[in-house]
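**Q** Below you'll find the structure I mean.
The values are calculated or read from the model by the stated rules, or taken from the named source; none is laboratory data. Since the structure is predicted, the reported quantities are computational estimates derived from the model, not experimental observations. Note: ideal-geometry Cβ built from the backbone for every residue, glycine included; neighbour counts use all protein chains shown. Surface accessibility is based on the protein's heavy atoms, side chains included, excluding ligands, DNA and RNA. Shrake-Rupley method; radii C 1.70, N 1.55, O 1.52, S 1.80 Å.
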Amino acid sequence: LGRARLAVAAAGARGRRVMVKNNYSSGRNDDRLQNPNGKNLPQAFADVDDKDDKRENLTDVLPCHPYSAVGNMNLNSMLIENIRSHDYFKGLGELSTFEEVVDQIYYDCTYITPWRPGTHKAQRAAGMCSGLRGVSNAGVPSTAYMLLFKLYTLQLTRNQILRLVTHKDSPYIRAIGLLYLRYVCEPKELWGWYEPYVSDPEMWSQLGEGGERSTLGSFVRRLCTELEWYDTMLPRLPVPVARDIEKKLAEAPAAGTQRERGRERERRDERRDDDERGRRDERRDERREERREERRDERREERREERPYEEQRPSNPPRYADLDQPAEGRRGEGRREEGRRDERYERRDYERRDERR
């Protein structure tokens with residue numbers, strides 16, 4: 001600090017300005033620049049001179065096709081930077097073999113999207129939320145894509161990729177192998193890898209538990225025909241290669257066609273049965289209500305026969321002049337009112353018994 005002040009004072013004496021360089025650094029960024037992938041190093045390959053070495057051969061590594069000058073497995077630059085800076089990816093440096101990474105996929109991978117659900121926004125940030133101010137809407141990379149990039153740092157061989165796409169323990173292991181081919185494989189060789197799986201009937205969910213289930217074959221078709229992949233972009237295939245793949249997909253049988261038709265037929269039958277059941281319940285309720293009305297009418301008729309003096313209730317309210325009638329008339333009116341009250345009570349009891357049944 002004293003030397004900087006002396007330099008500024010000397011420059012001022014000479015009549016010109018000097019900018020003081022800030023050499024402060026935490027060391028974290030320097031380490032990322034020197035070792036962008038951290039401790040995630042390539043796997044150990046077989047020694048050429050040792051014939052008994054059963055490890056993978058370096059000459060069998062599938063090279064990454066340069067779709068663009070960006071490199072880095074042709075992934076989105078923002079996604080790559082978030083993967084490299086994530087602690088989970090740094091912890092994967094402890095896994096040095098292909099088998100260990102496959103086991104990690106089996107235990108940790110539950111969905112296949114690039115970003116963790118609910119952490120990424122597709123719209124661009126601007127203003128106070130722009131990336132230039134150190135704030136970003138990039139989101140958190142998914143475990144699947146961090147493991148996918150871990151496989152890329154191992155430099156997989158063709159034999160290891162074949163073991164991924166034919167794995168029987170988890171569909172997510174197979175899906176990561178198919179995604180690896182989509183990002184790395186040369187476009188002209190892509191159909192040779194994908195052709196055996198365009199009709200694969202294995203059911204799984206790309207979004208994990210609670211997501212819509214589909215076949216692995218439909219997932220392969222989507223990788224071949226679409227560019228957008230959950231707020232990221234897949235590498236663009238050359239036009240002649242894309243047309244050739246679409247033509248071959250049209251000739252290939254759809255994944256799980258017969259099974260999907262059978263399920264659709266079952267759903268249609270279930271809807272028809274539900275509608276028929278609803279109409280049957282409505283007719284039963286209507287008949288039950290009709291029987292209740294008939295019983296009420298019959299009960300009214302029986303009570304009228306038992307009490308011949310009972311008359312229908314007058315529609316007009318009583319007048320005050322009627323109170324001047326003799327006691328005999330008022331007594332008869334009281335008996336009729338008492339009979340109507342008893343009838344209401346009995347009707348209520350009858351309806352309650354009918355509802356309990």
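**Q** Restricting attention to the range 210-246, report how many residues are among the acidic types (Asp, Glu) and touching a residue at least 60 places away in the same chain (Cβ under 8 Å).
**A** In the first step, residues of the range 210-246 are kept if they are among the acidic types (Asp, Glu); the result is 212, 226, 228, 231, 244, 246.
After this cut, where a residue has to be touching a residue at least 60 places away in the same chain (Cβ under 8 Å) as well, the list is 231.
The number of residues fulfilling the criteria is 1.
**Q** Would you check which residues across the range 73-83 are open to solvent by less than 70 Å² (accessible area, probe 1.4 Å) and free of Cβ contacts under 8 Å to residues at least 60 places away in the same chain and list them?
**A** Those that are open to solvent by less than 70 Å² (accessible area, probe 1.4 Å) and free of Cβ contacts under 8 Å to residues at least 60 places away in the same chain: Ser77, Asn82.
**Q** Separate question: Within the range 88-96, is even one residue in a loop (DSSP other than H, G, I, E, B), more than 25 Å from the chain's Cα centre (by Cα) and either at pLDDT below 90 or surrounded by 18 or more Cβ atoms within 10 Å (Cβ to Cβ) (or both)? Let's see the steps before the verdict.
**A** Keep residues of the range 88-96 that are in a loop (DSSP other than H, G, I, E, B), which gives 95-96.
Narrowing further to those that are more than 25 Å from the chain's Cα centre (by Cα): 95-96.
With the extra rule that they be either at pLDDT below 90 or surrounded by 18 or more Cβ atoms within 10 Å (Cβ to Cβ) (or both), the set shrinks to 95.
Within the range 88-96, one or more residues are in a loop (DSSP other than H, G, I, E, B), more than 25 Å from the chain's Cα centre (by Cα) and either at pLDDT below 90 or surrounded by 18 or more Cβ atoms within 10 Å (Cβ to Cβ) (or both).
**Q** Cβ-Cβ distance below 9 Å, separation of 6 or more or different chains: which pairs start in the range 108-120 with a residue that is closer than 14 Å to Met78 by Cα and part of a strand (DSSP E or B) and end on one that is modelled with pLDDT under 95 and among the hydrophobic types (A, V, I, L, M, F, W, C)?
**A** Trp115/Leu79; Trp115/Ala138; Trp115/Val140
**Q** For the range 214-232, how many residues meet the condition of being farther than 16 Å from Cys185 by Cα and part of a loop (DSSP other than H, G, I, E, B)?
**A** Number of matching residues: 5.
**Q** If only one of Arg292, Arg263 is at pLDDT 75 or above and surrounded by 10 or more Cβ atoms within 10 Å (Cβ to Cβ), which one is it?
**A** Details: Arg263 fails: at pLDDT 75 or above.
Residue meeting the stated conditions: Arg292.
**Q** Anything in the range 168-200 that is assigned to a loop (DSSP other than H, G, I, E, B) and open to solvent by less than 50 Å² (accessible area, probe 1.4 Å)? List them, or say none. Can you show your working first?
**A** Narrowing the range 168-200 to residues assigned to a loop (DSSP other than H, G, I, E, B): 168-170, 185-186, 198-200.
The answer is Ser170, Cys185, Val198, Ser199, Asp200.
**Q** Would you check if there is a residue in the range 302-321 being assigned to a helix (DSSP H, G or I), at pLDDT below 55 and not small (Gly, Ala, Ser)?
**A** Quick first cut of the range 302-321, residues assigned to a helix (DSSP H, G or I) only: 302-306, 320-321.
Then keep just the ones that are at pLDDT below 55; that gives 320-321.
Applying the additional criterion that residues be not small (Gly, Ala, Ser) yields 320.
Scanning the range 302-321, I find at least one residue that is assigned to a helix (DSSP H, G or I), at pLDDT below 55 and not small (Gly, Ala, Ser), so the answer is yes.
**Q** I'm checking my understanding of the structure. Among residues of the range 39-72 that are over 32 Å from the mean Cα position of the chain (by Cα) and buried (at least 17 other Cβ atoms within 10 Å of the Cβ), which one is nearest to Arg182 (Cα to Cα)?
**A** Step one: of the range 39-72, the residues over 32 Å from the mean Cα position of the chain (by Cα) are 39, 41-61, 63, 69.
Pick out the ones that are also buried (at least 17 other Cβ atoms within 10 Å of the Cβ) and you get 43, 56, 61.
On the way: Gln43: 21, Glu56: 22, Val61: 16 Å.
Of everything passing the filter in the range 39-72, Val61 is nearest to Arg182 (Cα to Cα).
Each row is one residue, and each column tells you yes or no for (1) among the aromatic types (Phe, Trp, Tyr); (2) within 26 Å of Gly118 (Cβ to Cβ); (3) open to solvent by 50 Å² or more (accessible area, probe 1.4 Å).
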{"site": "Leu227", "(1), (2), (3)": "no, yes, no"}
{"site": "Thr232", "(1), (2), (3)": "no, yes, no"}
{"site": "Pro235", "(1), (2), (3)": "no, no, no"}
{"site": "Pro240", "(1), (2), (3)": "no, no, yes"}
{"site": "Ile245", "(1), (2), (3)": "no, no, no"}
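**Q** Now a separate question. Is there a residue in the range 18-38 that is under 32 Å from the mean Cα position of the chain (by Cα), closer than 23 Å to Tyr172 by Cα, surrounded by 10 or more Cβ atoms within 10 Å (Cβ to Cβ) and modelled with pLDDT of 75 or more?
**A** Filtering the range 18-38 down to residues under 32 Å from the mean Cα position of the chain (by Cα) leaves 36-38.
Checking the rest, the ones that are also closer than 23 Å to Tyr172 by Cα come to none.
No - not one qualifying residue is present in the range 18-38.
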